[in-house]
Structure formats: structure tokens, C-alpha cells
Amino acid sequence: MLLSLFDIGSIEVMDDHSWMYRDLPQELQMMDYCNEVQGFINYSTSNPRNIIGCSIKCSSKRCKNKNLMDPDVVTMHLLQKGFIKEYLC
């Protein structure tokens, strides 16, 4: 399995997005997905260009990367609704 989040010095890189849409048995998928979503939120909030005030864009199917929200709300949206189709940035 490829890691989707790794460190290069002090720069974090997220280059594998396949986990956002992976088909796995339900229990394994949810545990894996929760961990990956948290890594995604950590990555997003660690990059100053992604943060406006204390908010980030929500890339859930519901918000479609249009709404700025608290990272905890974005986490809940991603866990409940999933990512918008073919999300890459």
C-alpha cells in the first residue's frame, strides 16, 4: 500500500488520492478512511495557503470545495458524505 502523506524534510506531500475512493470491506475501509481523512486535515491546516482565518475549504460532496469551514466540521463532512468526485487539490 502506498502512503498518501509523508514528510520530506519539513514539507509534507500528499500525492496519492486513491484512498478517497477505495473499495475495501466496510470495517477496514472505515478505519483506513478515518485515518486518511485526519491526515488530509492535518496536511491542509499545516499549509498557510489553505487557511483563511481559521477555516479551510470543504471538499466534501455536500460543499464541493466552495464553503469555508472549521477543520472539525470539514472532517465530519468528509466522514459522512465523502469527497467530491475526482478531487485532486
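Here are some notes:
- Positive minus negative residues near H77 (Lys, Arg vs Asp, Glu; Cβ under 14 Å): +4
- Highest mean first, the peptides 42-54, 58-70 sorted by other C-beta atoms within 10 Å per residue fall in the order 58-70, 42-54.
Bear in mind that the values in this text are calculations on the coordinates, not laboratory data. Note that the structure is predicted; figures quoted are calculated from it, not measured. Glycine also receives a Cβ, built like all others from the backbone with ideal geometry; neighbour counts cover every protein chain displayed.
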